[in-house]
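Structure, as structure tokens:
The values are calculated or read from the model by the stated rules, or taken from the named source; none is laboratory data. Predicted, not measured: the structure shown is a model, and the values here were computed from it. What goes into the accessible areas is simple: the full protein's heavy atoms, side chains included, and nothing from ligands, DNA or RNA. Shrake-Rupley method; radii C 1.70, N 1.55, O 1.52, S 1.80 Å.
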Amino acid sequence: MTLAELGWNDHFAAAFAPHAAAGCVPGRVTLELKGYYEVTGEFGAKLGACSGKFINTAKAQADFPAIGDWVVVTPQDGEETRVHIHAILPRRTKFSRKAAGLEEFEQVVAANIDTVFLVSALDGNYHLHRLERYLAAAWASGAQPVILLNKADLAGEDAADLPAEIAAVAPAVPVFTVSAQTRRGLKALAPYLAPGSTIALLGSSGVGKSTLINRLVGENLQDTGDVRDVDGKGRHTTTQRELLVAPNGVIVIDTPGMRELQPWDAAAVVGTAFADVAALAARCRFGDCSHTVEPGCTIQAALADGSLAAARWQSYLRMGRVTAHEVRRVNRAAQQQHKSHHKKLTKNLRQRVHEKSGEE
Ligand code: GDP
Ligand code: ZN
């Protein structure tokens, strides 16, 4: 596997230059476990652990590697299964969620995703407000959002209005109506699937993310990307890598945490997704304008002349009200799911490492 195939580019190369001088090599985190990482580079796939110095200087959970990160490791001799992680190269993009401990803290769910497909289904399971929320997460991450309206084959007549409705809440975001089943509209996505670019899919369960992934990468990933394992009882099981280089060269990050992501900093996220509304509100005559009856209110003026859609203003108000409470609730559920997923992966990986190194 070459670095370019893993998503390496001039940006990362520049950030890595000082580490190269120190004799280190780069690798990408392709599987994240509790305290361990699978790091893939020109040396192959190895088990990585953070060096003591790294751990001592890390100040927060978010300073530790996440799936998709480029990390700086010391090369080991061919037979060695482990590498030490010394540093993380600055993240170009990151998806975070709020995790609960003694205090709430930021947990990075995935890093360096270029394009995030926000998937909804047109089979009646479509919710504009859920989409707005995913959009907010995408804006906060720095990744380019692309909206996919899947299951076009099941769409009712009212679906024809949706792209326009979406354009009103998601100005300048590309929207594609597709069917993973009939493959309608999928060819148009080619520009986002260039070799070496990293993608992820966000959306509720059942909207067709798994089906879409397999269509987008040109082959059934389940058949090509799995890591073979033996579980504790000696049975063969499969553990899916969380970062996969697909047969067509695109890199896919697919984790339960990404699939059901809810944003980390709801307030900041609302500000980013609704930057246009926030900019209007900032120009009201009174600093504490309630945007209802005050003279010199730019929001009321924009609503009146149609430059701000009433639906978008309502969404903005709704987001502000629901985020704090709802994001907390959803995150708790996602965290539980993530925990059980990790438990299984950790067990499998430990087993694998023991086999390779002949321990036990
Ligand atoms: P995920 O939970 O988002 O990963 O969704 P899946 O990929 O597992 O899809 C859920 C169900 O929807 C499966 O039964 C798929 O076969 C079906 N499905 C996915 N895409 C389409 C589509 O474009 N049209 C139709 N009719 N069904 C689809
Ligand atoms: Zn106002």
Kirkwood Rh over alpha-carbon pairs of segment 1-144 plugged into Stokes-Einstein at 4 °C, 1.567 mPa s gives a D in µm²/s of 78 µm²/s
Any idea of the accessible area per residue across segment 14-69, 1.4 Å probe, to the nearest Å²? 43 Å²
State the percentage of accessible surface on segment 4-88 attributable to carbon and sulfur atoms; use a 1.4 Å probe and exclude ligands, DNA and RNA. 53 percent
Please give the length that would be gained between Glu294 and Thr81 if that part of the chain were fully extended, namely 0.36 nm times their separation in residues minus their C-alpha to C-alpha distance (nm, one decimal). 70.0 nm
